[in-house]
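The values are calculated or read from the model by the stated rules, or taken from the named source; none is laboratory data. Everything numeric in this text was worked out from a predicted model, so none of it was measured. Glycine gets a Cβ as well: all are built from the backbone with ideal geometry, and neighbour counts include every protein chain shown. Keep in mind that these areas ignore ligands, DNA and RNA; they rest on the heavy atoms of the full protein, side chains included. Shrake-Rupley method; radii C 1.70, N 1.55, O 1.52, S 1.80 Å.
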Amino acid sequence: VAALTGSRLRELQVDFGGCTVFTGDVLGAVVCALDPETIEVLGLSRCGQITTLPERVAEFKRLQTLNLYHCVALNSLPAGLADLPKLKVLNIVGCTSLSSVLKLPKAVRIVTDA
């Protein structure tokens, strides 16, 4: 996580492989280390134990793609996602605990099956 602090990444794709020791606190630290002014693509795949995303994700004003592929325990999304002006793709394939999806602008393509 320390290596991400202060970085100006435009894209971060991480496949956690269903790791059960990866917790919400660790995810929060990763998200907080990202620069909200530069990140355009965020991929957090197979986060086995994550039930919610940090609210800070809703501060990523340049975010175009949010890939949450097979985050099976994820049961909610930050409300602020609906206000992200550049968001185009929300991939929630395999997010089987997600009971509902926010009302997002029509320009956002929600991917729900592979």
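Which one of C47, V93, L27 has its Cα pushed farthest toward the positive end of the charge dipole of the chain, where Lys and Arg give +1 and Asp and Glu give -1 at the Cβ?
Going by the charge dipole, the pick is V93.
Under unit Cβ charges (Lys, Arg +1; Asp, Glu -1), what dipole magnitude, rounded to 20 debye, does the chain have relative to its Cα centre?
Dipole size: approximately 360 debye.
Would you pull out the residues with amide H under 5 Å of V14's amide H, same chain only if 5 or more places away, H placed 1.01 Å from N?
G43, L44, S45
Can you list the HN-Hα couplings for segment 50-66, worked out from phi with the Karplus curve (6.51, -1.76, 1.60; θ = phi - 60°), rounded to whole Hz and with x for Gly and Pro?
7, 9, 9, 8, x, 4, 4, 4, 6, 8, 7, 4, 9, 4, 9, 10, 10
Where does the chain land at 222 nm, in deg cm²/dmol rounded to the nearest 500, when only DSSP H runs of n ≥ 4 count, each adding -39500 (n - 2.57), divided by all residues?
Per the formula, -2500 deg cm²/dmol.
Which order do you get for D25, D35 if you rank them by accessible area with a 1.4 Å probe, largest at the top?
The most accessible residue leads, giving D25, D35.
I need the peptides 82-88, 101-107, 9-15 ranked by packing, meaning the mean over residues of other C-beta atoms within 10 angstrom, with the highest value on top.
By packing density, highest mean first, the sequence is 82-88, 9-15, 101-107.
Could you give me the ³J(HN,Hα) list for segment 84-89, computed from phi with Karplus coefficients 6.51, -1.76, 1.60 and θ = phi - 60°, whole Hz, x at Gly and Pro?
6, x, 9, 4, 10, 9
Tell me the per residue accessible area of segment 29-82 using a 1.4 Å probe; a whole number in Å² is fine.
Counting only protein heavy atoms, the per-residue value for segment 29-82 is 36 Å².
For mean projected area of the Cα convex hull in nm², several values are listed as [x] 7.4; [y] 6.3; [z] 11.0; flag the one computed from this structure.
Read-out from the structure maps to [y].
Calculate what fraction, in whole %, of the accessible area of the chain sits on carbon and sulfur atoms when a 1.4 Å probe is rolled over the protein chains. Walk me through the numbers before you get to the answer.
Working: 3130 of 6030 Å².
Accessible surface attributable to carbon and sulfur in the chain totals 52 percent.
Computed FRET efficiency, Cβ-Cβ of A33 and R62, R0 25 Å: what is it to the nearest 0.05? Numbers along the way, then the final one.
Details: r = 16 Å, r/R0 = 0.65.
Plugging the Cβ-Cβ distance into 1/(1 + (r/R0)^6) gives 0.95.
Can you tally the net charge around P105? Count Lys and Arg as +1, Asp and Glu as -1, for every other residue whose Cβ sits under 12 Å from the Cβ of P105.
+4
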